[in-house]
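Structure first, then comments.
Bear in mind that the values in this text are calculations on the coordinates, not laboratory data. Computed from a prediction, not measured in an experiment: that's the story for all the values here. Positions of Cβ are generated from backbone atoms using ideal geometry, with glycine treated the same way; all protein chains shown enter the neighbour counts.
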Amino acid sequence: MGLGAVPGRQAAFREGLEQAVRYAKALGCPRIHLMAGRVPQGADRIAVKAEMEAVFLENLRHAAGVLAQEDLVGLLEPINTRITDPQYFLDTPQQAAAILQKVGRPNLQLQMDIFHWQIMDGNLTGNIREFLPIVGHVQVAQVPGRGEPSSPGELNFPYLFQLLEDEGYKGFVGCEYQPRGEAWPWGRELWRDPDRGRATQRLASEGLHTTHVPPDSE
């Protein structure tokens, strides 16, 4: 789950970044997900927060410089700590936005995974409107099962896609879900419906548009 905020692993983070840049250039991928990593096993999250944030800021400033040389964008993705990974350091859009503000580099942006945002905070309409100006990539999955948007769950995706369109989002929407049925017919259905906005016409596999820094090999 990455090394960006893990104390003592700065050298390994930089090695992983260099590898990710090579992959991104080979694939023609303009974005790299800079994963924060986990709170060390047995450590108290509150007790180590300041140290881990300092390490993350150091690594992000370095990454921003490396990525700028290659005309690439770095992305920070909050991952929920209620279901997916209780140890992950970066778990809310508020935390990620505050870190981005401290780093202050235009080629570092927020990755909005609607699955994680819903689980951690809800208030999707408000959070999308607040944070969309710094969002560089969007990912979708239904909650709580992480299936395709048309699978049963809490989220009204036609509404959310239209909201993204109305708020001016012009990027791609990555499909990071575990198919419960046929994986793509829901996308074709939305694509054909002009009343659901042009945002659905930019649905695309996340792998074509976002490369991840390789996770820790341990």
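Compute, for region 1-41, the length of the dipole vector about the Cα centre, with Cβ point charges of +1 (Lys, Arg) and -1 (Asp, Glu) only. Units Debye, rounded to 20. The partial results should precede the final answer.
Values: 6 positive and 2 negative charges, 13 e Å.
Once rounded to the nearest 20, the dipole reads 60 debye.
Enumerate the lysines that Lys49 could reach by cross-link, defined here as Cα to Cα under 23 Å, with residues fewer than 8 away along the same chain left out. The reachable lysines, counting only those whose Cα sits under 23 Å from Lys49, are Lys102. Any lysines with Cα under 19 Å of the Lys25 Cα? List them, leaving off those in the same chain fewer than 8 positions away. Those lysines meeting the cut-off do not exist here.
In loop segments of region 117-183 as defined by DSSP, the trypsin sites (Lys or Arg not before Pro) with at most 16 further C-beta atoms inside 10 Å of their C-beta are Lys170, Arg180. If R0 is taken as 41 Å, the Cβ-Cβ distance between Gln10 and Glu154 corresponds to a FRET efficiency of 0.60.
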